[in-house]
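Written below as structure tokens is the structure these notes are about.
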Amino acid sequence: MNDSPIQEIKNRLDIVDVVKDYITLEKAGSNYRALCPFHSEKTPSFFVNQTRQIWRCFGGCNEGGDMFQFVMKIEGVEFGDALRILAKKAGVELKKQDPQIETKRKRLTDICETSAMFYERQLSESKGGKEAEKYLLGRRISKESINLWRIGYAPTKKDALSKFLIGKGYKREELVQAGISTERGSFDRFRGRVIFPIFNLSGDPVGFGGRTVVKEDERAKYINTPATMLYDKSAIMYGMHEAKTAIRKEGFAVIVEGYTDVILCHQAGYKNVISSSGTALTHKHLDILGRYTKKIRTAFDMDEAGKSATKKGIDMALEKEFDVRIIIMPENEDPADTVSRDSKEWENCVKNAKPVIDFYFQNALSSRDISDPYEKKEAAKELLPEIKKIRNSIERSHFISKLADSLGIKEEALLDEMGKLKEEKKSDAYSREDLEEKKEKKTRRELLEEKVAALCAREKEFLSLLDEEIFSFFKEDVQNILLYLKKEKESLSKKEEDYLNYLLLIPSIEEEKPKEEVKICIREIKKEYLREKLYRIKEEIKRAEDSGDEKKEEDLTKQFDEYSKKMQAL
């Protein structure tokens, strides 16, 4: 095979499919569009062109490139790592000795992959592993799910995995950097535990969660890989690599707390379920989730201990305009219990999830005697800040009315109290949405030239509409692109190639009658040219008058009349 790995990957993969693995795209004429995943926005400004295999953001970040640049930016990795990710997706084998992919990140990824394989073997082969497997089967996790989620077991020996990895040629400091060994590199971090690999969006293990198996074990029930170059618990959601397609298809994500909750829901056929891996929702979680859906259903434990952190995460989601609903679980059950006992009951729980504000109403009112004025005040004190966060005035008015009815007081009194509440400061991540996007201003003539060039780039037959005169009006880079499209120029400069890519991705360029639009733009460009010409001649006539040069004034006046006639003829 003569092609380089890069070209072979491009031959096998379509940029639309690559991008769809990360964000939701919709067809927009000859392009695809989406909300840009690289900056906050409310109107789609991110476009993908399938023909040219390129993408570009026309919003705040103004980024663009091919599938490699996209993966590098969205995964936050170097080129070698993007090459590895796309090679795996394309089924292209890369030579291990290729120096450009031997990055530090890849070494740590290889350590995590080798560790996952080690833990898997221990589950099936060691004595402790047999006990761990019995525990998993007792939790109703099937053998198929054990294999799919690559669940393993860490032996009790203090350095079993470390010795194995060092024997494979990895260094002690690399084991520490991957979170496999403790800081000194002498002991395995996970010992005598069931191991749940934690995967990135590409399905590579990047960290691990370990759970004790024996009830009498006095150690912490769960421990996780610490923050590493690969693993950031504030960004990774457990199960996302398996759930992302289903989330897009179902239109919403279900967020649960534990690994077992995710696995058993997927096992029962509910594949849009993910977990925040034991931490509250963060801005990073929500930014990644927002690429796939703006609707979430949460099945968090809402006891007093977890209420504060959970509410903070939910408030962040509301700030980012997610539709958040709360799943009410049967008493003393978690999602794993319910879906294992009766999957239809779990389905109904999800279907009947309450809008978050309704859930807050239920919580605030059910535990209070609202005949007591003090309890009324406390209920209002709890609910008014939540109602104030609602942006839509009709929806906000509805809940004010509902609270007034529930408490038996006038709406005016509640509105008065709500007016006294201080406006909560928005988080940095949200306030960036409201920053004005600064764009380079272009003249009307430049915009018209750009539109003609963009339409001709998409439909080559329109090139025949460009006569010699109009062609001369275009600026040099547009002329070169048009000559290239007419096959009268062999190649473009890098700058011109980038500009052609830009032209092919310009949003809102899809016209109902594109041929007529080209003609209109050509006429308007000619008008703009003639207006500029007439203005310059007028200025010259004035200077000729001031200097007393009658001959020049007469010649210029004739030119002015000629160009005026041309203008009127258009």
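For the range 181-245, state the semi-axes of the equivalent ellipsoid (square roots of 5 times the eigenvalues of the alpha-carbon gyration tensor), sorted largest first and rounded to whole angstrom. Kindly include the intermediate steps, with their values, before the conclusion.
On the way: eigenvalues 109, 49, 16 Å².
Semi-axis lengths for the range 181-245 are 23, 16, 9 Å.
Please go through the residue pairs K221/K294; K88/K284; K89/K244; K320/K495; K89/K284 and name each one whose alpha carbons sit more than 27 Å apart in this structure. Walk me through the numbers before you get to the answer.
Numbers: K221/K294 33 Å; K88/K284 25 Å; K89/K244 16 Å; K320/K495 37 Å; K89/K284 24 Å.
Over 27 Å apart, Cα to Cα: K221/K294; K320/K495.
Considering Cα pairs under 8 angstrom that are at least six residues apart, work out the relative contact order of the chain and quote it in whole percent. Don't jump to the answer; show the numbers that get you there.
Details: 735 pairs, mean separation 50.5, N = 570.
This gives 9 percent for the chain.
If I take every Cα pair under 8 Å that is 6 or more residues apart in the range 44-117, average their sequence separation and divide by the length, what percent do I get for the relative contact order?
Working: 60 pairs, mean separation 12.0, N = 74.
Answer for the range 44-117 is 16 percent.
If you place +1 on the Cβ of every Lys and Arg and -1 on the Cβ of every Asp and Glu, how big does the dipole about the Cα centre of the chain come out, in debye to the nearest 20?
On the way: 106 positive and 106 negative charges, 332 e Å.
Roughly 1600 debye for the chain.
Write down the Kirkwood hydrodynamic radius of the range 240-352, to one decimal in angstroms, obtained as one divided by the mean of 1/r over all alpha carbon pairs.
Values: mean 1/r = 0.0718 Å⁻¹.
The Cα-based Kirkwood calculation yields 13.9 Å.
For the range 530-546, take each phi angle, set θ = phi - 60°, evaluate the Karplus expression 6.51 cos²θ - 1.76 cosθ + 1.60, and give the result in whole Hz per residue in order, putting x for glycine and proline.
Result, rounded to whole Hz: 5, 4, 4, 5, 5, 5, 5, 5, 4, 5, 5, 4, 4, 5, 5, 4, 5.
Given a cut-off of under 8 Å on Cα pairs at least six residues apart, what relative contact order in percent is computed for the range 14-163?
Working: 160 pairs, mean separation 18.5, N = 150.
It comes to 12 percent, rounded to a whole number.
On a 0 to 90° scale, report how tilted helix 444-458 is relative to the longest principal axis of the chain, with both axes built from alpha carbons and the result rounded to the nearest 10.
So the helix axis and the longest Cα principal axis differ by about 70 degrees.
Kindly write out, for the range 203-211 in residue order, the coupling ³J(HN,Hα) from the Karplus curve 6.51 cos²θ - 1.76 cosθ + 1.60 (θ = phi - 60°), rounded to whole Hz, with x marking Gly and Pro.
Karplus values, whole Hz, x for Gly and Pro: x, 8, x, 10, x, 9, x, x, 10.
Rounded to two decimals, what is Rg over Rh for the range 141-219 when you use alpha-carbon atoms and the Kirkwood radius? Walk me through the numbers before you get to the answer.
On the way: Rg = 13.4 Å, Rh = 13.6 Å.
When Rh is taken as the Kirkwood radius, the ratio is 0.99.
Just need the Rg to Rh number for the chain, please, alpha carbons only, Kirkwood Rh.
Details: Rg = 31.6 Å, Rh = 28.7 Å.
Radius of gyration over Kirkwood radius for the chain works out to 1.10.
Here are some pairs, K513/K566; K487/K552; K157/K311; K20/K168; which of them have Cα atoms lying more than 32 Å apart in this structure?
Too far apart for the 32 Å limit: K487/K552; K157/K311; K20/K168.
We did not get these values from a lab; they are worked out from the coordinates using the rules stated. Because the structure is a prediction, the values reported are computed rather than measured. Cβ: placed from backbone, ideal geometry, glycine included. Neighbour counts: every protein chain shown.
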